[in-house]
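Data block below; observations after.
All of the numbers you see were taken from the coordinates with simple rules; none came from a lab. If you're wondering where the values come from, they're calculated on a predicted model, not measured in any experiment. Reconstructed Cβ throughout: ideal geometry from the backbone, glycine too, with neighbour counts over all protein chains shown.
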Amino acid sequence: MTQAMTEARRIVETYLELCMVPDPEGASAYVSEDFSIVFTGGRAFSTPAQTAAFNARRYKWVKKRFGRTDAAEDPETGDVHVYNTGFLYGEWPDGTPFETNRYIDIFVVRGGVIVSTQVWNDSAEILLDRAGLSEAPL
């Protein structure tokens with residue numbers, strides 16, 4: 001693993017830890033000025049504060065249990081693509097706990113900061129199932 005890949009993994013994991021506090025101001029130190037983040041369903045945000053506000057409406061509280069953090073360096077651009085996978089755990093707004101909500105977050109790190117993130121998880125499917133709207137059992 002290259003030094004750039006190791007550093008990008010550290011940046012991403014530190015950012016995620018701050019997001020879980022939540023400390024969106026602290027997390028902002030790890031993102032670029034033109035940062036973009038897209039959540040499942042295509043919801044676009046541009047600051048950690050916006051995603052913290054979204055999560056505060058969707059969950060009573062939520063954290064990530066990291067499974068793996070992998071990195072790959074693009075030899076043409078020098079960008080490092082970081083993939084963090086694991087499980088979300090926490091409580092839905094009604095207080096019902098959850099712990100096996102799969103996620104993958106995909107980051108692009110450039111020049112020592114995160115420039116973009118894509119967030120994918122099972123939350124929407126779980127909410128559909130809880131509402132009796134899923135097409136098949138989970």
- Item | Potential extension, Glu99-Glu135 segment - 0.36 nm per residue separation minus Cα distance | 10.8 nm
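Which of the GluC sites (Glu not before Pro) found in the range 55-138 are loop residues per DSSP with 14 or fewer other Cβ atoms within 10 Å of their Cβ?
Qualifying residues, ordered by number: Glu76, Glu135.
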- Query: Can you give me the relative contact order of the range 3-130 as a percent, contacts being Cα pairs under 8 Å and 6 or more apart?
  - Reply: 25 percent
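Let me have the 222 nm mean residue ellipticity of the chain computed from DSSP H runs of 4+ only, each contributing -39500 (n - 2.57), with the sum over all residues rounded to the nearest 500.
Working: 4 runs with 42 residues, N = 138.
Rounded to the nearest 500, it is -9000 deg cm²/dmol.
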- Residues of the range 39-58 with amide N under 19 Å of the 7 Å Cα→Cβ point at Trp120: 39-45
- Note on the structure: With +1 on the Cβ of every Lys and Arg and -1 on the Cβ of every Asp and Glu, the dipole magnitude of the chain about its Cα centre, in debye rounded to the nearest 20, is 400 debye
- Item | Karplus (6.51, -1.76, 1.60) ³J(HN,Hα), θ = phi - 60°, over the range 60-75, in Hz, Gly and Pro reported as x | 5, 7, 8, 9, 10, 9, 4, x, 9, 10, 10, 9, 9, 9, 7, x
- Kindly identify the range 33-73 as rounded, prolate or oblate by the Cα gyration tensor criterion: order the square roots of the eigenvalues as a ≥ b ≥ c, call it rounded if a/c is under 1.5, otherwise compare a/b with b/c, prolate if a/b is larger, else oblate. oblate
- Query: How much length is gained if the chain between Glu7 and Asp34 is pulled fully straight, taking 0.36 nm per residue apart and subtracting their Cα-Cα distance, in nm to one decimal?
  - Reply: 7.7 nm
